[in-house]
Amino acid sequence: MIPVFEPEIGEKEIELVIDALRKGEISGSFGEYIPRFEAEFAKFCGATHGIAVTSGTTALEVAVAAAGIGAGDEVLISSCTNIATALAVYRNNAVSVPVDSEATTWNLDLDLVEELITPKTKAILPVHIYGHPVDMDRVNAIAKKHNLVVIEDAAEAHGAEVRGKRVGGLSDMGCFSFYANKIITTGEGGMVVTSDDKLAKQLRLLRNLAFGQPRFYHEVPGYNFRMTGMQAAFGLGQLAKIDRFIEDRRRVARMYNDKLASITELQLPVELPWAKNVYWMYAVVLRPTAKVRRDPMLDFLRKDGIDTRTMFCPMNMQPFLKKQAGYREIACPVAENLWENGFYLPSSSSVTEADVSKIADAIKRYLAANR
Ligand SMILES: Cc1ncc(COP(=O)(O)O)c(C=O)c1O
């Protein structure tokens, strides 16, 4: 089976994890590896501070909390995303408002944002989906006009760029995941990056149980979202290779673009002129003109040894969100179409030209047999 993704873990990472263990850097509150990983990753993103946490999900949750968002507030989010984006808002007792997707990048459609803003809106939380960045210059202009906080969900887009600047550092806070299938991994893990000193202080406080003065005296409720030293050591080893990992993703995307271009039934991912897409996953969408259904096609590919995943179920269709007090019913037809007809293909560094040819041939065979 060609997997949709497999992480690449080298000897260097193994040595670093062992070194962390030897030095006793096993927990999340002491040692050298955590501050080093935070500083180096924040620098990579063009931000001043990094706050390492246990996952992308908890990075988002603590970022929303640090922004002071809570009951009675609304946050505009991308409709096409992992549930973690909406959970971050939900867990802070606020309501997420889904913004439908653009048909080309599948990111939130910035033409729809302003009409969804109400006096309750406190923040915009755009997601750089599948590695294509959102136009953060436009997001920040809207946010400035309406006095909103901006938090980037950059879980899928380490190193993606908007007009030459890397995501994560383009807003108040940028949130990353280091889950096994991400551009760099620490197994589980995440980070919030920010250039705002006050937010950084608040994020550090909340991450670590919000210990106050004196110690064991707590003004606010915190979380234990601490990353371990072993994970930070792992992350430093991965970070040293990030440029190559990104180039691998782009190389795989070029091969797919080349071999799938003749298949008129498929919409391929784009890279807008101002953007650098890191193609976290190479996603495609079956066009309405196709005579086949997606799921039987994915079953056919699986039988041929090709693993795939569907795109996300949009946030306007999630049962628990629909039951939340204050939920706003918003149509997201573009995101719903992505959920029905979108899927992504094997996208690891290890994907070869022969793999891409095999995948393209299998798709062509299936379409030819069902025209
Ligand atoms: C867009 C997005 N946000 C957040 C997350 C959550 O990250 P984690 O799995 O590290 O909690 C993910 C993915 O896993 C994601 O794809």
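The values are calculated or read from the model by the stated rules, or taken from the named source; none is laboratory data. None of these values were measured; they are calculated from a predicted model. We place every Cβ from the backbone using ideal geometry, glycine too, and count neighbours over all the protein chains shown. The accessibility values were calculated without ligands, DNA or RNA, using every heavy atom of the protein model including side chains. Shrake-Rupley method; radii C 1.70, N 1.55, O 1.52, S 1.80 Å.
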Here, strands (runs of 3 or more DSSP E) confined to segment 19-132 with at least 1 residues that are in contact (Cβ under 8 Å) with a residue 12 or more places away in the chain and touching a Phe, Trp or Tyr at 6+ places or on another chain (Cβ under 7 Å) are 49-53, 95-99
Residue selected from segment 120-136 under the condition more than 10 Å from the ligand (Cβ to nearest atom) and β-branched (Val, Ile, Thr), by the criterion farthest from residue 161 (Cα to Cα):
121
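Within 21 Å of residue 82 (Cα to Cα), acidic (Asp, Glu) and open to solvent by less than 50 Å² (accessible area, probe 1.4 Å): is that true of residue 25 in this structure? Step through it out loud before you land on a result.
Details: within 21 Å of residue 82 (Cα to Cα): no; acidic (Asp, Glu): yes; open to solvent by less than 50 Å² (accessible area, probe 1.4 Å): yes.
So residue 25 fails the test.
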Quickly run through segment 178-197 and pick out the residues that are at negative phi, within 16 Å of the ligand (Cβ to nearest atom) and open to solvent by 10 Å² or more (accessible area, probe 1.4 Å).
179, 180, 181, 182, 188
Which residues, taken from segment 103-140, are open to solvent by 50 Å² or more (accessible area, probe 1.4 Å) and under 30 Å from residue 247 (Cα atoms)?
103, 104, 137, 138, 140
If you take the residues of segment 32-73 that are over 22 Å from residue 89 (Cβ atoms) and in contact with a Lys or Arg (Cβ under 6 Å, 6 or more places away or on another chain), which of them is least open to solvent (accessible area, probe 1.4 Å)?
45
Within segment 63-95, residues away from the ligand (no atom under 12 Å from the Cβ), touching a helix residue (DSSP H, G or I) at 6+ places or on another chain (Cβ under 6 Å) and farther than 20 Å from residue 115 by Cβ come out as 64, 65, 66, 91, 92
